[in-house]
Amino acid sequence: MKESKETQFVFGKQNYRLLLIGCAVIALGFILMSGGGSDDPNVFNPEIFNFRRIRLAPTVVLIGFGVVIWSILKNPKTAK
């Protein structure tokens, strides 16, 4: 009398897809944050305080974290 056990993943296919998209958005945000430094430590480069590094990149990272949290909390059984 062998019982057949069906293995089920905790997340559905759509959850994993959203998780990967969220990780890619987070990586994009960190890429947007990079750069703007100076090769010479005695020279100040005001480029580090531009819109992309101060406003856009952290917003993109937070959106990515939101997508990741949403992918974890999304119930795969209600997905069509």
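Listed by first and then second residue, the pairs linking a residue in the range 45-62 that is on the phi < 0 side of the Ramachandran plot to a residue that is outside any helix (DSSP H, G or I) and exposed (fewer than 13 other Cβ atoms within 10 Å of the Cβ), with Cβ atoms under 7 Å apart and 6 or more places separating them unless they lie on different chains, are 45/37; 45/38; 48/37. Of all residues in the range 1-48, those satisfying the criterion of being within 22 Å of residue 61 (Cα to Cα), open to solvent by 50 Å² or more (accessible area, probe 1.4 Å) and not in a helix (DSSP H, G or I) are 34, 35, 37.
The values are calculated or read from the model by the stated rules, or taken from the named source; none is laboratory data. Remember, it's a predicted structure, so these values are computed and weren't measured experimentally. Every residue, glycine among them, receives a Cβ derived from its backbone with ideal geometry; neighbour counts consider all protein chains shown. Surface areas here come from the heavy atoms of the whole protein model, side chains and all, with no ligands, DNA or RNA. Shrake-Rupley method; radii C 1.70, N 1.55, O 1.52, S 1.80 Å.
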